1. With θ set to phi - 60° and the Karplus curve 6.51 cos²θ - 1.76 cosθ + 1.60, what are the ³J(HN,Hα) couplings of segment 269-286 in order, to the nearest whole Hz, using x for Gly and Pro?
2. Translational diffusion coefficient of segment 212-286 at 25 °C, 0.890 mPa s, Stokes-Einstein with Kirkwood Rh over Cα pairs, in µm²/s as a whole number.
3. Compute, for segment 69-210, the length of the dipole vector about the Cα centre, with Cβ point charges of +1 (Lys, Arg) and -1 (Asp, Glu) only. Units Debye, rounded to 20.
4. If you place +1 on the Cβ of every Lys and Arg and -1 on the Cβ of every Asp and Glu, how big does the dipole about the Cα centre of the chain come out, in debye to the nearest 20?
5. Just need log10 I(q)/I(0) for the chain at q = 0.10, 0.15 Å⁻¹, Debye formula, equal scatterers on the alpha-carbon atoms, no solvent, rounded to two decimals.
6. In square nanometres and to one decimal, what's the mean projected area of the convex hull around the Cα atoms of segment 69-210?
7. Scan the chain and report its longest stretch carrying no GluC sites (Glu not before Pro) that are both in a DSSP loop and have at most 11 other Cβ atoms within 10 Å.
8. Over segment 129-286, what portion of Cα pair distances is larger than 24 Å, expressed as a whole percent?
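Coordinate-derived values only; no laboratory data. Please read all numbers here as calculations on a predicted model, not as lab measurements. Here the Cβ positions follow ideal geometry from the backbone for every residue, glycine too, while neighbour counts run over all protein chains shown.
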Amino acid sequence: MEIESITPDGIEEVYDLTVEEVHEFIANGIVVHNCTNPNIQQVPHDVEYRRCFRAPEGRKLLIADYSQIELRILADFTGDQGFIDAFNSGADLHRVTAAQVFNVPLEEVTKQQRDFAKRLNFGVVYGIGAQRFAMMTGMKLSDAEDILRKYFATYRQLDAWLREAANRAVRERTARTASGRLVRMRFDPEDRQAVSLAQRNGKNSPIQGSSADILKRALRLLHDNLKGTSAQIVNIIHDEIVVETDEGEAEAISKVVEDAMCTAGEEYVRKVPIKVESQISAEWVK
């Protein structure tokens, strides 16, 4: 018998589920992704899955995350006035970018154009090129090349910083985060692929590394600020912190968490405001 296709049919309820201590699978001939209890970071973002995680009776979950933290860090590192002005004015950076690269008035930017600009804004940190951008958006390669030219012509200081960060990574074999933490690069200078990877890491490491620095600093502040309350940190994923607290304290704890996260961000990012979005819920959903 051959199976020609499989169609999803919803999520079935499962009872008395037990999970082994170690979770692993084999990919490319090696065992990878060991985790325990199991690894909650790999739970899909779909509401159907995350609703499985609930606070106990009489308790609430506070879900707080940084808004566009990597782009705010990028604005601070590069000093690009276009980025800085957008964040300081409270404008939608992706919409502003779309208006520039697609040459349309701000109020006429379409949802698709904004989505393309969003992918571009986040993609430049990872060294996105025209070919990759065309693949992500379905554009013709020539159109993607034109968009990238307009993008870097709009954000010239950003372009200059990215180029220098890539060159420094090859020249000095290091990159630094906003806290001064040193990231070392080890590669064969004769290996073009390895050099290209080092250049990407030179652009990416200061941004992602600074984001990690900020989150860790926020956790340290919360370690002190949540003492004597009913709250406890129950989950951390990327730029998100989940706190469980008594229902009666939820609003007050929300303010404590937001303040700590903003304070941590402001220690390292000074040219643009830090924004934290939070929600109180019985379930792990936003």
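1. 10, 10, 8, 9, x, 9, 10, 10, 10, 9, 8, 9, 8, 7, 10, 7, 9, 10
2. Values: Rh = 12.7 Å.
Taking Rh from Cα pairs, D becomes 193 µm²/s.
3. Numbers: 22 positive and 17 negative charges, 94 e Å.
Dipole size: approximately 460 debye.
4. Working: 36 positive and 45 negative charges, 367 e Å.
Magnitude of the dipole: close to 1760 debye.
5. Evaluating at q = 0.10, 0.15 Å⁻¹ gives log10 I(q)/I(0) of -0.71, -1.31.
6. Values: hull surface 34.8 nm².
Computed as one quarter of the Cα hull surface, the answer is 8.7 nm².
7. Details: sites that count: Glu2, Glu4, Glu12, Glu13, Glu20, Glu21, Glu57, Glu190.
It runs 58-189.
8. Details: 6637 of 12403 pairs.
Counting pairs separated by more than 24 Å, the tail of P(r) holds 54 percent.
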